[in-house]
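Note sheet for the following structure.
The values are calculated or read from the model by the stated rules, or taken from the named source; none is laboratory data. Just so it is clear, the structure is predicted and the values come from calculations on it, not from any experiment. Cβ placement follows ideal geometry from the backbone for every residue including glycine, while neighbour counts extend to all protein chains displayed. Note: areas computed on protein heavy atoms with side chains; ligands, DNA, RNA excluded. Shrake-Rupley method; radii C 1.70, N 1.55, O 1.52, S 1.80 Å.
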Amino acid sequence: VQLQASGGGLVQAGGSLRLSCAASGRTSSRYDMAWFRQAPGKEREFVGSTNWSGGTTYYADSVKGRFTISRDNAKNTMYLQMNNLRPEDMAVYYCAARQLSGSNWRYWGRGTQVTVSS
């Protein structure tokens, strides 16, 4: 499966952005999907994930209450709604997918840059 993240941009602190992750290829399979991010000089970190149906989601503590993951399987797309953005949220955001829950994230898309100005 191929993944393509989009929707990044420049936003002021306190603002909102919605990222999208479009999947193509073997989308008939059921995949968990996730968002990760990497800031300059830092390691990549988990932001949140959703199971195939979208009924179960997990979030990093740093984004709980501000970020929401959803997916539209009819469109093979996952979303990340980011509200109340902070300067520390600035990073390149990546989406990932895996076929088996608990396994490694096997499929990765190119990132999209999120810049938050203070």
Going through the stretch 62-77 one residue at a time, which ones are closer than 20 Å to V11 by Cβ and surrounded by 14 or more Cβ atoms within 10 Å (Cβ to Cβ)?
-> S62, V63, R66, F67, T68, I69
Does S53 satisfy being within 25 Å of Q2 (Cβ to Cβ), assigned to a loop (DSSP other than H, G, I, E, B) and among the small types (G, A, S)?
-> yes
R98 vs. criteria more than 20 Å from G14 (Cβ to Cβ), free of Cβ contacts under 8 Å to residues at least 12 places away in the same chain and basic (K, R) | no
Residue in the stretch 108-118 that is exposed (fewer than 14 other Cβ atoms within 10 Å of the Cβ), at pLDDT 95 or above, of a type outside the set (D, E, K, R) and on the phi < 0 side of the Ramachandran plot present | yes
State which residue pairs qualify: first residue over 17 Å from Q4 (Cβ atoms) and in contact (Cβ under 8 Å) with a residue 12 or more places away in the chain and inside the stretch 66-81, second residue open to solvent by less than 20 Å² (accessible area, probe 1.4 Å) and part of a strand (DSSP E or B) in any location, beta carbons under 7 Å apart, and separation of 6 or more residues or different chains.
-> R66/M82; F67/V47; F67/G48; F67/L80; F67/M82; Q81/F67
What are the pairs, 6+ residues apart or on separate chains, where a residue within the stretch 23-39 that is on the phi > 0 side of the Ramachandran plot has its Cβ under 7 Å from a residue that is modelled with pLDDT of 90 or more?
-> G25/V1; G25/Q2
Just need a number here: residues in the stretch 1-37 that are open to solvent by 70 Å² or more (accessible area, probe 1.4 Å) and not basic (K, R).
-> 5
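Quick grid of which residues meet (1) of a type in the set (D, E, K, R); (2) in a loop (DSSP other than H, G, I, E, B); (3) more than 13 Å from the chain's Cα centre (by Cα):
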{"residue": "V47", "(1), (2), (3)": "no, no, no"}
{"residue": "V63", "(1), (2), (3)": "no, yes, no"}
{"residue": "S101", "(1), (2), (3)": "no, yes, yes"}
{"residue": "V114", "(1), (2), (3)": "no, no, no"}
